[in-house]
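Working notes for the structure below.
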Amino acid sequence: MAKEYQHLFFDLDHTLWDFEKNSKQALIELYHSYAWESILNLPVDEFLQSYYQKNDEMWALYRANKIDKATLRHRRFAETFAIYHYQHDDKVANFEKDYIYLAPQKTALFPGCIATLQSLQGQFEMHIITNGFEETQHIKLAKSGLSPFFDKIITSDKIGVNKPEAKIFVEAMRQAGADRKSSLMIGDSLLADIIGARNVGMDQVFFNPHSHQHQEKVSFEIKALSELPGLLL
């Protein structure tokens, strides 16, 4: 690679930490432990389908700054259970609380994650920029063994804006002591990671494991994390 980078900024969820796998595992465990299948007369897969739709709706509102963290956490489960005419607030609230505790404890990472970071460690300063909640993201990093690889952990929760807003990228570079030319953003979201970084003058690596078709101009694109050292070293 002709251009030399000093700072690598990684997204966390869906890029390093396998959000779908970890979230699903936690939800299935809790669904069975709460005996929801018999209470609702509803298979877990059907519940998950409804929950994912509601969760996506709530996160879209949160990213647009239309609801806050507490509202997101309450409404995504309350509205899912309401679909099935279940509105016992205390039990639903406890389910939500248990999910918030359990899901970040899960440790599934994308294939090649640790080996890739080991290859890059010592060659670059590495950081996290994540649209996530401060306490939750730090738990994920610690439990999955990712924390030792990263210097600065920048969360939208703490900064007050979400990717792709310029402020979070500028603040991340400021905290890392980096500039645009020496920085590279790696993430799975074309909007949040790629366009967001591009708009502040950072080069980007689009992590696209499912080969989604797109028309965006990206600096680099990879299907597997194991491709990253070949680009950079």
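Observations on the model:
For every residue, the table says whether it meets (1) open to solvent by 50 Å² or more (accessible area, probe 1.4 Å); (2) within 16 Å of the chain's Cα centre (by Cα); (3) in contact (Cβ under 8 Å) with a residue 12 or more places away in the chain.
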position	(1), (2), (3)
N55	no, yes, yes
W59	no, yes, yes
D68	yes, no, no
R75	yes, no, yes
V92	no, no, yes
P104	no, yes, yes
F110	no, yes, yes
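- With a requirement of 2 or more residues that are among the small types (G, A, S), the helices (runs of 4 or more DSSP H) lying completely within region 95-173 that satisfy it span 113-120.
- Some residue of region 211-230 being within 30 Å of A70 (Cα to Cα), of a type in the set (D, E) and touching a strand residue (DSSP E or B) at 6+ places or on another chain (Cβ under 7 Å): no
- Some residue of region 198-210 being in contact (Cβ under 8 Å) with a residue 40 or more places away in the chain, open to solvent by 10 Å² or more (accessible area, probe 1.4 Å) and more than 27 Å from R73 (Cα to Cα): yes
- Of the candidates E29, E125, the single residue that is among the charged types (D, E, K, R) and closer than 30 Å to G177 by Cα is E125.
- Unmet requirement for A64, which otherwise passes all of (1) among the hydrophobic types (A, V, I, L, M, F, W, C); (2) surrounded by fewer than 14 Cβ atoms within 10 Å (Cβ to Cβ); (3) more than 21 Å from the chain's Cα centre (by Cα): (3)
The values are calculated or read from the model by the stated rules, or taken from the named source; none is laboratory data. These figures come from a predicted structure and were not determined experimentally. Note that each Cβ is placed from the backbone with ideal geometry, even for glycine, and that neighbours are counted across all protein chains shown. SASA here: full protein model, heavy atoms, side chains in, ligands and nucleic acids out. Shrake-Rupley method; radii C 1.70, N 1.55, O 1.52, S 1.80 Å.
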